[in-house]
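Presented below is the structure to which this report refers.
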Amino acid sequence: MNTKNFSTFLIVTLTLLAVSTSLFFLTTSYGSEKNESVYQKINKEDRITYLVIGDSIGRGSGAETPDKRWFSLLETKMKQHHGVHMKGTYLVQSGATALEGLYKLQNEKTLDQVQLIFIVFGENDRKYMTERDFGILYESLIRQSKAKYPAAEIITITESSLTFNNFAEKIKTISSHYKASNADMRPVFENSGKTIKELTRDQIHPNGAGYSLYADTLYQLIEKNRKSGKTIAQLETPINPESEDLLLHQNRNITSEKGFYYKNGFQTSNKAGSSVEYQFNGNLIGVKLLRGPDGGFVDVYIDGKFTAKMNTWWPFYRERIQYIKNGLAEGSHTIRFEVTGEKAASNQTDSAYFRVSSLLTGNFVN
């Protein structure tokens, strides 16, 4: 090989080696950064991506301005004390239960990176389900959050307004089992030296002062975990076997209807006595419906037996998922929605509508 060819060969070889080395370090760096915990990210003053799955308190309802929501205040604290930028994604809805959170999680596109997940439910759940049903759904939510984002730490928040201690104990027990951190805001509010009126907009939703307590508590919890070298939440053997593989499915299998018509994606009626019936298989049943200012009451019958009376009023139009019942026997079932014609006290319109798009069913043995 002459000198010229050798020089060309050497240049090409060194160039390829340099590119390979660069790619190796880029790949190694990216992969390791992607799997770093939130606490390692803070130590490196690196960016944190977080996810909130929750209800109205999860979305910061009640704050006078956007910058007074709990997650906005937490972002500010992390920036001030650690130079860490936090960016959030929010699977939140006012009035939501853990069922709606689970459905949103299952149907939301997987994010590239999530180092921290906040789960905020309980206050609404206690209105619709037993503590056992809540426990199954809440555990399913933690399990599927961890399965979808294995590198994420999970922090559960027990809402300051939750007066049902059995629900709070479920949150605490399930969180502990999965080594998730729990921030119980009830004693924080009680020991703040301020009244509920001073800390909330409406006795339920915190105002800016209340959310400041949320942010302080969460920051202190994260700092405690960081300094102690805490291991992030783990995917453990389920407490409730029903929680292990709970997948939710939509069902539009209408078997009969009387007095309903289809409009904008919903079976619709405001006539008292009108009804729509579906057939489904599953142990758990919920419904996807449109709530709004002209919403009314509907009676729900499962397999011919009265099960619940549902109120579909809401201050604005919003598609919602509402829990109905859990623990149904294996096999086929029917569910019938019968419009009563009754209006909620807050309904100031001349109508009492019921609009349903589909069922939401899940399979597991009670």
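The values are calculated or read from the model by the stated rules, or taken from the named source; none is laboratory data. Fair warning: this is a prediction, and the values are worked out from it, not measured in the lab. Don't worry about glycine lacking a Cβ; one is built from the backbone with ideal geometry, like all the others, and counts go over all protein chains shown. Ligands, DNA and RNA are excluded from the accessible area calculation, which covers all protein heavy atoms including side chains. Shrake-Rupley method; radii C 1.70, N 1.55, O 1.52, S 1.80 Å.
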Q: Please sort by residue number the GluC sites (Glu not before Pro) in segment 107-198 whose DSSP state is loop and whose Cβ has at most 14 other Cβ atoms within 10 Å.
A: 108
Q. DSSP loop GluC sites (Glu not before Pro) in segment 281-356 with at most 14 other Cβ atoms within 10 Å of their Cβ, which ones?
A. 330
Q | Calculated from backbone phi, Karplus (6.51, -1.76, 1.60) coupling profile of segment 216-226 in Hz, x at Gly/Pro | A | 4, 5, 5, 4, 5, 5, 4, 4, 4, 5, 5
Q: Specify which labelled value, from (i) 20.6; (ii) 25.8; (iii) 30.0, agrees with mean projected area of the Cα convex hull in nm² derived from the coordinates of the model shown.
A: (ii)
Q | Phi to ³J(HN,Hα) by Karplus 6.51 cos²θ - 1.76 cosθ + 1.60 over segment 149-166, Hz, x for Gly, Pro | A | 10, x, 8, 8, 7, 10, 10, 9, 10, 8, 5, 4, 8, 6, 9, 8, 5, 5
Q) If you roll a 1.4 Å probe over the heavy atoms of the protein chains, what accessible area per residue do you get for the chain, in Å²? A) 47 Å²
Q: Specify the inter-centroid distance of segment 58-98 and segment 143-158, based on alpha-carbon positions, in whole Å.
A: 17 Å
Q: Measure off, as a whole percent, the carbon and sulfur share of the 1.4 Å-probe accessible area of the chain, all protein chains present.
A: 52 percent
(Q) Quick check: the distance between the Cα centres of segment 292-328 and segment 207-267, to the nearest angstrom? (A) 20 Å
Q. Can you give the calculated 222 nm mean residue ellipticity of the chain, where each DSSP H run of n ≥ 4 adds -39,500 (n - 2.57) and the sum is split over every residue, rounded to the nearest 500 deg cm²/dmol?
A. -11000 deg cm²/dmol
Q) If we sort 351-361, 213-223 on the protection proxy, mean other Cβ atoms within 10 Å, highest first, what's the order? A) 351-361, 213-223
